[in-house]
Structures are given as structure tokens and as C-alpha cells.
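What follows is a set of notes on a single structure, which appears directly below.
The values are calculated or read from the model by the stated rules, or taken from the named source; none is laboratory data. Everything numeric here is computed off the predicted structure, so don't read it as measured data. Here the Cβ positions follow ideal geometry from the backbone for every residue, glycine too, while neighbour counts run over all protein chains shown. Ligands, DNA and RNA are excluded from the accessible area calculation, which covers all protein heavy atoms including side chains. Shrake-Rupley method; radii C 1.70, N 1.55, O 1.52, S 1.80 Å.
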Amino acid sequence: MKFPFYYNYNYSNSSCGRGDTVCLVWVCKPFETPESDWVRLPQELLLHVFQYLPLLDRAYASQVCRRWNQAFHMPELWRYFEFELNQPASSYLKATHPDLIKQIITRHSNHLQYVSFKVDSSTESAEAACNILSQLVNCSLKTLGLISTARPSFMEVPKSHFISALTVVFVNSKSLSSLKIDDTPVDDPSLKVLVANNRDTLKLLKMSSCPHVSPAGILCVADQCYGLRELALNYHLLSDELLLALSSEKHVHLEHLRIDVVSENPGQHFHTIKKTSWDAMVRHSPKFNLVMYFFLYEDEFGPFFNEEVPVTHLYFGRSVSKEVLGRVGLHCPRLVELVVCANGLRPLDEELIRIAKRCTQLSAIGLGECEVSCSAFVEFVKLCGRRLSQLSIMEEVLIPDHKYSLDEIHWEVSKHLGRVWFPDMMPTW
């Protein structure tokens, strides 16, 4: 293919926010020789450029010449892929073209290593994802993520269809290290298949809101996957036995444990985890992060925070009482981040100051629909000092008193923080 002009590439490595990237200076020069065309572009540079092109642009580029078409199919370009499956009638997002999906399955399934599926709220999209998974018999994935962009559409798929498709991946992928399957009908038998084929490589497992998994099912994973470093699950799967399994000598140090504490019905009963089990976790993995999200009604907090809990990041998505926040100040010494979306009309002055005094690692806090006097808030900031890297407080939270008005408080808070600070007009967490 010959052109009246050819492009001269000046290549250099530079930091553009994504590590080593390609910076190309496109200089038009007169056509000099028949050999001076696109075919002379070095293969490694061509591959590097293609890696940073959006998929659609890469497909267009593949039509330039035979060599670029060959580059389009290089295995290195298909290790990472995200299938976007949306129904035009119910989603504004672009979907991966069906012809491209067929091409990937026939030509590149054995190249795929890091795969995710992003589906909209329709059952048809979730079923399409399962159909693709069931055809990945020649690939050995390292990571798999199933993402529902709206309501959990995978839960609408027949359970047998979903389990069958997921089992194909579990059996053929002998080195799966990361699995994100929140809001799916995965069950205990399928987890056993996962463990049987990937016990030596699994490091991350996120499976919140998986109602068909029992505490025994997740315990099977912890008992045999000694390399597990990150785990996310619902509170009903958390048990003393699970914590002790994660604390065994054979197990590597856990880095992150996320627990979602969600109430499906008002008045739901929640079990208690023993302090000795938490203590075993801290002894085994002293630097692990325990992230807890609470979506409970006020009368359901009885089993929580009565003894010391090694929580580091704590989020209250519904209204939480002064009493519970008082217990947090007493029994959460490892707390690093606290977000309270709502509390009520009773000021949290004493509770906030207690948290500042006892939670000496606290560096981030967000308060929404709460009330705190300006004097107590200044005292809180003074106690925490410059370790508060994130201070997100709604303006309505602060109640003027005899010491400070709303116009004065930001100067006083800024002085103790060592930087300019203003209350937020809207939540930033």
C-alpha cells in the first residue's frame, strides 16, 4: 500500500498518568521511496501503539494493511478484555459487537487471561454472558469479574445455567488468582470445583450477596486456599471457624477483609463473633484491613461493638444511634476511616471527641445527616491534628454555639489541619 505521504515516528517513554506510554510525533514528509510506507513501522512499536487504542479504533486500524491486521490479532492484545453486554432498549451503554465476540471465541479464547463481563439490568445480557463463559473451554483465566451495572441481573438467570458456565471456567483455568462474583447464584458445590482446580493460585475472592453460599462453603475455600489475601462477603457467611482458618499457620497474611452487614427485613437477628476469633486474626495478620459496611436499622445493632473489634474502615449507610457510635469509640482502636451517613437530631459531641481520643489512627471521617456543635468539632479536629487527611463534613452538620459561628469555624479548623478547609455542600464519599 503506497501513500503520497508517509509518517515519521519519534518515540520516547514518558509518564502520562499510565506508566510508560507512547508519545508519537507525527511529521508529514514527502514520499521518498516505495519502501517508505506503514510496513516499515517496527513491530514492537506497532504493538505498543495498539495496546493504547480503544477497541473500535484498533479494529479500524486493522483495515489499513495486512501487517496491521496481523497486529490486531497478536496474542498480547487479547490478554485483557471486558465484554460489555447491554440491550439497546434498556441501556445507553455501548455493547461489544456480536461479530467481535464470535471472533474472540474462535481465534482468541486461548489468549484471554484477564476477563470481565459488564452487563446491564436485563436477563438477556446476563444469559449472553453465561453463553460466552460456557464457550471458554480453551482458555486459562487469571482473573474473572462479573459486574452488574444496575440491578443484579445474574440472579435472574437460571441457577443451573449460571453454575454450568462458571464451572467451565473453574475447570479449565488452573491458575485463577482473582474472582469477583458479587450478586450471583454461585453455590457451595461450584466453590468446591473452584478450590479443586485453583487452590494454589487464588488470592482474591469477592462474593458479597451470594445467597446460595453457606458458611461451610466459604470455610472450604479458606481451609484450602492458603494464598488468599483478599476476601469480601456478607456477614451471614462470617464465622469464628472462618476467622480461625484464615489465622492458621499455613495461611498467608490476609490483607483485606470486607464484610457487608445488610438487613433484608426489619428486626433481623445477627450472630456474634467472639473477641478471641478477632484476636487470632490480628495476631496472625497484624496489618490487615477490616472493612465493614452497615446497612441496618437502629434496633439491629445489639450484637455489634460490645467488645473490641479490629475494624479499620467503618461505613454506616443508614441512621445509627449515639449509643452505637459511643461503643465504636470504646471498642474500635484500629479505626482509620469512619463514615456516618445519618444519625438524627441529637448532637454527637461526646461520641466524636471520644473517637478522636481513643482511635489514634483515625485519618478520614465523613458526616452526613448528623449534628455536631462547632465547639466540639473544633476540639475533635484539634485532637486528631494533621493526621486527618480526609475531612468531609456537610455544612448542615455544624451547629453554631457561643464560641464559633459558621463563618468563623473554617479558619479555626484550617489552623489545626495545616491546610485550608471548608465544609462540604454535598457528600463526597
| Where Rh is the Kirkwood radius over the Cα pairs of the range 241-286, the temperature 25 °C and the viscosity 0.890 mPa s, what D in µm²/s does Stokes-Einstein return? | 201 µm²/s
| said: Taking all protein chains in place and a 1.4 Å probe, what share, in percent, of the accessible surface of the range 259-336 do carbon and sulfur account for? | reply: 53 percent
| request: Using a 1.4 angstrom probe on heavy atoms only, work out the carbon and sulfur share of the accessible area of the range 36-140 in %. | output: 51 percent
| field | Mean Cβ neighbour count within 10 Å, used as a protection proxy, ranking 109-115, 162-168 highest first | value | 162-168, 109-115
| task | Calculate, axis by axis, the spread of Cα positions in the range 77-205 along the three principal axes, and write the results as whole Å, longest axis first. | result | 43, 32, 22
| task | Could you work out which residue, out of Val378, Val291, Val328, moves most in a Gaussian network model of the chain, that is, has the largest mean-square fluctuation with Cα springs under 10 Å? | result | Val378
| Arg354: net charge of surrounding residues, Cβ under 14 Å, Lys/Arg +1, Asp/Glu -1, itself excluded? | -1
| task | Kindly express, to the nearest 10 degrees and within the range 0 to 90, the angle between helix 159-172's C-alpha long axis and the longest C-alpha principal axis of the chain. | result | 70 degrees
| Which lysines does Lys174 reach when only Cα atoms under 19 Å apart count, and residues fewer than 8 places away in its own chain are ignored? | Lys142, Lys192, Lys203, Lys206
| note | Dividing the helical contributions, -39500 (n - 2.57) per DSSP H run of n ≥ 4, by the residues of the chain yields a 222 nm value, nearest 500 deg cm²/dmol, of -9000 deg cm²/dmol
| field | For Asp183, solvent-accessible area (1.4 Å; no DNA, RNA or ligand), Å² | value | 50 Å²
| request: Mind listing the long-range amide H neighbours of Asp424? Cut-off is under 5 Å, sequence gap 5 or more, other chains count too, H placed in the peptide plane at 1.01 Å from N. | output: Ile393, Met394, Glu395
| Antiparallel content of DSSP bridges confined to the range 159-293, in %, to 5 | 0 percent
| remark: Averaged per residue, the 1.4 Å probe accessible area of the chain, protein heavy atoms only, in Å², is roughly 49 Å²
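Keeping all protein chains in place and using 1.4 angstrom, which order do Tyr60, Tyr315 fall into by accessible surface area, from largest down?
I get Tyr60, Tyr315, largest accessible area first.
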| task | May I ask which residue of Ser373, Leu254, Asn343 lies farthest towards the positive end of the charge dipole of the chain, with charges of +1 (Lys, Arg) and -1 (Asp, Glu) on Cβ and the Cα centre as origin? | result | Leu254
| Cα-based reach from Lys250 at 13 Å (exclusive), listing aspartates and glutamates while leaving out same-chain residues under 8 positions away | Asp200, Asp223
| note | per DSSP, antiparallel bridges as share of beta bridges in the chain, % nearest 5, sits at 15 percent
| task | Under a cut-off of 25 Å between alpha-carbon atoms, report the lysines in cross-link reach of Lys415, not counting same-chain residues fewer than 8 places apart. | result | Lys357, Lys382, Lys403
